[in-house]
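The values are calculated or read from the model by the stated rules, or taken from the named source; none is laboratory data. The structure displayed is predicted, hence computed values, not measured ones. No Cβ is skipped: glycine too gets one built from the backbone with ideal geometry, and neighbour counts run over all protein chains shown.
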Amino acid sequence: MIVGGCAGTGTGTTTNIGSDDPALRPHVYPLPYDAVWDAAVKAATGIKGWSITSTDWNGGVIALSMGFNMWTTGTKMTVHVQKIDAARTQVDMQSSLAGFNGIMMSDYGQNRRNIMRFFEELDRTLATVKP
């Protein structure tokens with residue numbers, strides 16, 4: 001579980017169980033690991049402009065990237081899927097600017113929006129899965 005991170009300004013944003021921002025808290029789903037993993041991969045591939053760069057089913061890690069455009073220097077994102085027990089799975093996410101060696105001091109909320117966008121897509125995908 002990821003427990004560090006910042007609140008959405010700067011060059012990186014991470015879900016955090018103690019976040020004051022509900023959008024930046026880990027999500028727990030009442031579903032087994034396999035169902036959530038499959039939905040997370042599907043959700044990530046369904047977001048326009050995002051690319052999966054690697055997956056590790058055993059480690060529960062999905063690495064993503066979003067390329068350079070007029071609004072960003074590129075973004076690297078990591079989704080962590082963690083089995084809590086046979087019937088519950090937790091998902092955490094980190095999003096950070098990838099370019100210019102960290103010269104940009106603010107992401108203007110883009111990392112928070114990336115996390116929100118992923119969880120919206122994951123929630124939509126999981127809405128069709130029966131527990």
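Structure above, values below:
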| read-out | value |
| --- | --- |
| Hits in segment 39-59 (condition: without any contact (Cβ under 8 Å) to a residue 40 or more places away in the chain, closer than 16 Å to Phe119 by Cβ and surrounded by 15 or more Cβ atoms within 10 Å (Cβ to Cβ)) | Val41, Trp50 |
| Inter-residue pairs, beta-carbon under 7 Å, first loosely packed, with under 11 Cβ neighbours inside 10 Å and in segment 86-107, second at pLDDT 55 or above, 6+ apart | Ala86/Pro32 |
| Restricting segment 8-30 to residues that are outside any strand (DSSP E or B) and touching a helix residue (DSSP H, G or I) at 6+ places or on another chain (Cβ under 7 Å), the residue that is surrounded by the fewest Cβ atoms within 10 Å (Cβ to Cβ) | Ala23 |
